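Structure first, then comments.
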Amino acid sequence: MRATRSEFLILTIMSIIGIISSFIVIYELDVLGTLPPLCTLPNSPYIFGSQLNCAKVLLSSYSEIDGVSLDFLAAVWFIVNLGLVSALVSLRKEISRIIFKVLFAWRFIGLAIVPYLIYLEFVVLHAICLYCTIMHAAIIIDFIIITFLVFSDKSKIKRDIFG
């Protein structure tokens with residue numbers, strides 16, 4: 001394994017949180033046809049002019065791209081992310097270098113999309129989705145973690161892959 005147990009856990013935990021959050025929305029909204037728990041809270045505080053209202057976000061025209069829900073795309077993103085981490089820590093050093101670069105780029109793509117989604121929630125819809133926020137946070141924290149591992153001399157992954 002090219003990572004310590006704690007590095008592997010840190011690299012995977014945000015993906016697992018993202019998968020759980022996206023699957024809750026997919027299951028509740030698409031399978032059961034109901035809103036996920038805690039989707040709307042009466043008298044929830046306004047944050048930057050927006051109130052907790054998952055329904056407004058999840059049922060908006062912005063919640064899908066060409067008929068594919070953003071929650072489904074998020075689940076795919078987190079699953080691919082988890083697969084890349086698993087490959088990174090288990091494959092040969094030469095392949096791990098390539099996987100590490102792909103993983104960093106993959107996480108950057110996720111990070112690049114988050115500001116637009118936050119903009120839609122706060123500026124366009126004036127509503128915040130709890131589950132979307134959890135996924136956004138997981139993507140941002142994920143990127144911070146991989147960036148730390150790229151630049152930290154204490155990172156076992158960096159030492160093992162890049163010498």
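Here's a check for you: in region 27-40, which residue that is surrounded by fewer than 17 Cβ atoms within 10 Å (Cβ to Cβ) and at pLDDT below 90 is nearest to Val124 (Cα to Cα)?
Thr40
Going through Ser61, Ser69, Ser96 one at a time, which residue ends up being under 30 Å from Val123 (Cβ atoms), hydroxyl-bearing (Ser, Thr, Tyr) and surrounded by 15 or more Cβ atoms within 10 Å (Cβ to Cβ)?
Ser69
Keeping to region 58-74, report how many residues are more than 16 Å from Thr133 (Cβ to Cβ) and of a type outside the set (S, T, N, Q).
The qualifying residues number 8.
On the basis of being under 22 Å from Ser6 (Cα atoms), assigned to a helix (DSSP H, G or I), open to solvent by 50 Å² or more (accessible area, probe 1.4 Å) and of a type outside the set (D, E, K, R), does Val124 make the cut?
It is false that Val124 is under 22 Å from Ser6 (Cα atoms), assigned to a helix (DSSP H, G or I), open to solvent by 50 Å² or more (accessible area, probe 1.4 Å) and of a type outside the set (D, E, K, R).
Sort through Leu88, Leu125 and tell me the only one that's among the hydrophobic types (A, V, I, L, M, F, W, C), closer than 14 Å to Leu11 by Cβ and in contact (Cβ under 8 Å) with a residue 60 or more places away in the chain.
Selected residue: Leu88, the only one of Leu88, Leu125 that is among the hydrophobic types (A, V, I, L, M, F, W, C), closer than 14 Å to Leu11 by Cβ and in contact (Cβ under 8 Å) with a residue 60 or more places away in the chain.
Note down all Cβ pairs under 6 Å where the first residue falls in region 41-70 and is on the phi > 0 side of the Ramachandran plot and modelled with pLDDT under 90, the second is part of a helix (DSSP H, G or I) and not β-branched (Val, Ile, Thr), and they're at least six residues apart or on different chains.
Short answer, once both residue conditions are applied: Phe48/Phe122.
The values are calculated or read from the model by the stated rules, or taken from the named source; none is laboratory data. Because the structure is a prediction, the values reported are computed rather than measured. Cβ coordinates were reconstructed from backbone atoms using ideal geometry, including for glycine residues, and neighbour counts include every protein chain displayed. Just so you know, the surface numbers come from the protein's heavy atoms only, side chains and all, with ligands and any DNA or RNA stripped out. Shrake-Rupley method; radii C 1.70, N 1.55, O 1.52, S 1.80 Å.
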